[in-house]
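Data block below; observations after.
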């Protein structure tokens, strides 16, 4: 039984290995598998296929064979194409193989992309046109049959003449993915902030036990950008905004009144990763990442107000009043450090109300800490953000 299992496993292994081997097709019925093919440059791969056999190199042109491929899944097909009214036969690299396929080759001057439907010839996607009668690559893609609702309002003018952009479009077209093409967008926003002062109970700080949790409300303005990561649903989201907080605490302990006045103006730099679930008009997103907060205006004052009773000998000099109130500033150095490192997480929605303009609504939480021993408190921020995003 073990021998039968071993033979079955060995047979399956060689079948799998053969499916991943290099190959070339002499014609539609003859395929040579498991050969040693030299992987050249893009220019070389488009013009010649070099096969090593018994220590000798055999060269095949697009006229000799109909295609070849490598074990990593890279395939080339021989095709006669017309580039700038110059017909030639080359090896086209297969980028997408589907009902609409995408191909590519490069010569010493330019790179060229082609599409092919089930029953059509290879159509050259020209980047620029010389006359108004000619069609560029965006016009050609726009003329593809609309086989699903999502492409009736597709922003074809945002497709760039790059392999990654064209590959993304062709895959989305074949899969009928009703989503907008992912390009960079940027915008500005206003946020309503609720900041929380959080005591750390630092023993190095004399008045740490007197400091209590406190909140403050403020409004901030900021700008941001969304940079697609490899045409995926993830985006790198940097932003910058200014925030001003003013915390006031008045605490009475026996006969001593503690007054804490903490004022802080910060530059905040969130560096986030977004994940978007896109729709035609309404999209959803989640974000998380790190945040740097620098308090360029940071001030903390602590006042102690004490109440004392006069002795009977001095009572006659104060018209019968037996209490004296004295107030003194005991500390004016910041009890929160200038630099804080934190994390942010949030979620929101985007609504596209114009072709290149979206409204953004987000709720976000930021927690921060300075990691310094002398800090008596850190602070956290809850934000409600409303903004305008402009698509590039």
Give me 80, 142, 276 ranked fewest to most by other Cβ atoms within 10 Å of their Cβ, as a rough exposure proxy.
-> 80, 142, 276
Would you kindly state how much longer the chain becomes between residue 33 and residue 85 on full extension, computed as 0.36 nm times their sequence separation minus their alpha carbon distance, in nm to one decimal?
-> 15.1 nm
Sorting 68, 343 on the 10 Å Cβ count, fewest up front, what's the list?
-> 343, 68
Compute the length gained on full extension between residue 267 and residue 164: take 0.36 nm times their separation in residues and subtract their Cα-Cα distance, giving the result in nm to one decimal.
-> 33.5 nm
Spacing of the two label points (7 Å from each Cα toward its C-beta) at residue 56 and residue 388, in nm | 7.3 nm
Most exposed first, judged by fewest Cβ atoms within 10 angstrom, 340, 281, 237 run 281, 237, 340
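Quick note: the coordinates plus some simple rules give every number you see, no bench work behind them. On a predicted model such as this, the values are computed, not experimentally measured, just so you know. FYI the Cβ positions are ideal-geometry reconstructions off the backbone, even for glycines, and counts take in every protein chain you see.
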